[in-house]
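The values are calculated or read from the model by the stated rules, or taken from the named source; none is laboratory data. What you see is a predicted model; the values in this text were computed from it and never measured. As a convention, Cβ positions derive from the backbone with ideal geometry for all residues, glycine included, and neighbour counts pool all protein chains shown.
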Amino acid sequence: MGKPHAGILRQARHRSVRGLREHVKKGSNQMAMTFEQVIETIRQFPAEQQEMLIDLIRGWRTETRRREIARDAQESLVAFRSGELEPQSAQAVITELRQSLEDQE
């Protein structure tokens, strides 16, 4: 993290998320917060905390997608090694991908 105030931002993010968790916990005694209540709570955050929350969510989404890609790659390797998939040339794969993209349009 080459940002000069990375530690301060990390602490502020932690406080923002902790505050949202505490708000959710208070409501969980009665019932869980609805999505709309979460959104309204976030709307009340200062702009800086909203930006930090956006960064956190983007990071979570990136990590989730990376795990999905890694899982898909592992499954593909297992299928290939077990003989379920036939070896193909790069050109054949590219042609097939282009065709599938054209079919989607």
Item to check | Restricting the range 20-43 to residues that are at pLDDT 90 or above and surrounded by fewer than 10 Cβ atoms within 10 Å (Cβ to Cβ), the residue that is farthest from ILE57 (Cα to Cα) | outcome: GLU36
Checklist entry - Quick check, is ILE69 of a type in the set (A, V, I, L, M, F, W, C), at pLDDT 95 or above and out of contact with any strand residue (DSSP E or B) (no Cβ under 6 Å at 6 or more places or on another chain)? => result yes
Checklist outcome for this item: The correct count of residues that are without any contact (Cβ under 8 Å) to a residue 12 or more places away in the chain and under 25 Å from the mean Cα position of the chain (by Cα) in the range 55-96 is 21
